[in-house]
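Since the structure comes first, as structure tokens, the remarks are kept for the end.
The values are calculated or read from the model by the stated rules, or taken from the named source; none is laboratory data. Since we're looking at a predicted model, the values are computed, not measured. Quick reminder, even Gly has a Cβ in these numbers, built from the backbone with ideal geometry, and neighbours come from all protein chains shown. Calculation scope for accessible area: heavy atoms of the full protein, side chains included, ligands and nucleic acids excluded. Shrake-Rupley method; radii C 1.70, N 1.55, O 1.52, S 1.80 Å.
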Amino acid sequence: MANKRVETGRGRKPGVVKASKKASTSNRAFYLIIAVIAIGGIAALTYASSKSNEIVNASPVDTTLPTVKSEGYVMGSSTAPLEVIEFGDFECPQCGRFATLTEPDVRKNLVDAGKIRLRYIDFPLPMHPHTWNASRAAACADAQGKFWEMHDALFANQDRWDGAATNNPDKVLKQLGDQIVPDKSKFEQCIDSKEMQAKVQAHWKLAEARHVNGTPTFVIGDQQIGQSLTYDQFKQLVDSAIAKSGKTAPAASGDTAKSTTVGGKKGDAKKGQ
Amino acid sequence: MTKRMWMALISLAGLFLGVYLTMYKFGIIGSLACNVGSCEQVQTSRWSVFLGVPVATWGVGFYVLMLVLAIAGLQPRFMDSRRLSLAVLLLAGWGVVFTAWLNYLEAFVIHAWCEWCLGSAGMVLVLFVLALMDWRETKQADDEVAA
């Protein structure tokens, strides 16, 4: 190549004209390939982005699977026409994104309006080293009626207690919980004793039994959706599920049942589906 | 096809990969979920952002610069430029160091592999080898001319 470069360069050696012709043909072919790759790449990116609003991971709920009973943590009216279940992992960044960006709208427009009841079930994934600690801490907060406050604090502060942030997650989880629960010492003792391990394990087993393989996974009506959702996608699925169920959703917000927080431990005995 | 042409082609492919991952990072392409050992875990980890800018976007910058340099190197004016060869080599070298750091994080900190990132790592490595060969050849050519 060195020789060729010298030959085809700025005329340092004889044979320049012939070599230049060759080079120019080669250049033309090269720029053609570049143009083809560029067009192909742009087309591929355009196609991929046009598909981004589709819900690709939805599948019909297998009715032979165990139904969700009183496990998990429930927010909303027991008379809401639809229960939406989220299988979540406190250390999963996408669950965090859903909880902090989408869920406030879901609560305001759907839960508070009495259209849905939201049930959160732990599904701690194996690659998240501190997610079990977080699930236990949330269960400990639930024992004092503060699950959803702890849920929000855990997701909002993921980067303070996750596997990349610390080797001592319980310390940070205690700091977070102490600002929320009425009885700090009971909460800290609950974390230290790991007394909520069995409860979290029961949630995990339920998710496994229902073939949940990632988080967040939502069960909305007869659909199980294994991906994060935007508010618009979420609402669309809720509306469609309510329409299919034949139940009537409250017409406007404000005229229906208030949002209530029911800890899983205290039991909302209603069946999930 | 000369080495600089190959470098330009690889850079263009890398550029699209970087743009794809950047769009993915911002949620423009696909929806992310947490699954075991996947790109999502790497892409959503705290290490996916460097100095406030997504790593994928740094990659876009790298490949754009590499593409520009490789194409400039095909022009008669820079055909024999040893400086340009050196610039390409240094850029590719920096790419290798940065990619090695990212792969280390994937292996020992995040404990997950992103296949797109591995693809990019492979391309950076090939770019570096080509840049090294190109630099040695310009050096050789210069020596010949000097002689």
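Miscellaneous remarks
- Between B:L67, B:T99, B:C114, the Cα set farthest toward the positive side of the dipole of region B:53-147 (charges on each charged residue's Cβ, about the Cα centre) is that of B:L67.
- Accessible area per residue for region B:3-140, computed on protein heavy atoms with a 1.4 Å probe, is 45 Å².
- Gyration tensor verdict on region A:58-262 (Cα atoms; rounded if a/c is under 1.5, prolate if a/b is larger than b/c, oblate otherwise): prolate
- Each peptide in A:39-48, A:216-225, A:82-91, B:126-135 gets a packing score, the mean of other Cβ atoms within 10 Å over its residues, and the list from highest to lowest is A:82-91, A:216-225, B:126-135, A:39-48.
- With θ taken as phi - 60° and the Karplus curve 6.51 cos²θ - 1.76 cosθ + 1.60 applied, the whole-hertz 3J(HN,Hα) list for region A:232-247 is 4, 5, 4, 5, 4, 5, 5, 4, 5, 5, 5, 4, 5, 6, x, 7 Hz, x standing for glycine and proline.
- Cα shape, chain B, gyration tensor, a/c 1.5 rule: prolate
- Rounded to the nearest 10 degrees, the inclination of helix B:3-25 to the longest alpha-carbon principal axis of chain B is 20 degrees.
- The distance from the alpha carbon centre of region B:116-147 to that of region A:173-199 is 58 Å, rounded to a whole number.
- Residues with amide H under 5 Å from that of A:R117, placed H, sequence gap 5 or more: A:L82, A:E83, A:V84
- Take each residue in B:6-12, count the other chain C-beta atoms within 10 Å of its C-beta, and the mean is 2.
- The simple spin-label model puts a point 7 Å past each Cα toward its Cβ; for B:A146 and B:W94 those points are separated by 2.6 nm.
- Cα-based helix-to-principal-axis angle, B:82-104 vs chain B, degrees rounded to 10: 20 degrees
- Of A:K171/A:K199; A:K108/A:K146; A:K146/A:K171; A:K205/B:K25; B:K3/B:K25, those spanning more than 27 Å from alpha-carbon to alpha-carbon: A:K205/B:K25; B:K3/B:K25
- Averaged over the residues of peptide A:31-42, the number of Cβ atoms from other protein chains lying within 10 Å of each residue's Cβ is 3.
- Interface A:B - total buried accessible surface [probe 1.4 Å, Å², rounded to 100]: 3500 Å²
- Among B:109-116, A:136-143, the order from most to least packed when residues are scored by Cβ within 10 Å on average: A:136-143, B:109-116
- Prolate/oblate/rounded call for region B:97-147, Cα gyration tensor, a/c under 1.5 rounded: prolate
- Along region B:106-121 the Karplus relation, 6.51 cos²θ - 1.76 cosθ + 1.60 evaluated at θ = phi - 60°, assigns HN-Hα couplings of 4, 6, 10, 10, 7, 6, 8, 10, 10, 5, 5, 5, 5, x, 5, 4 Hz to successive residues, with x for each Gly and Pro.
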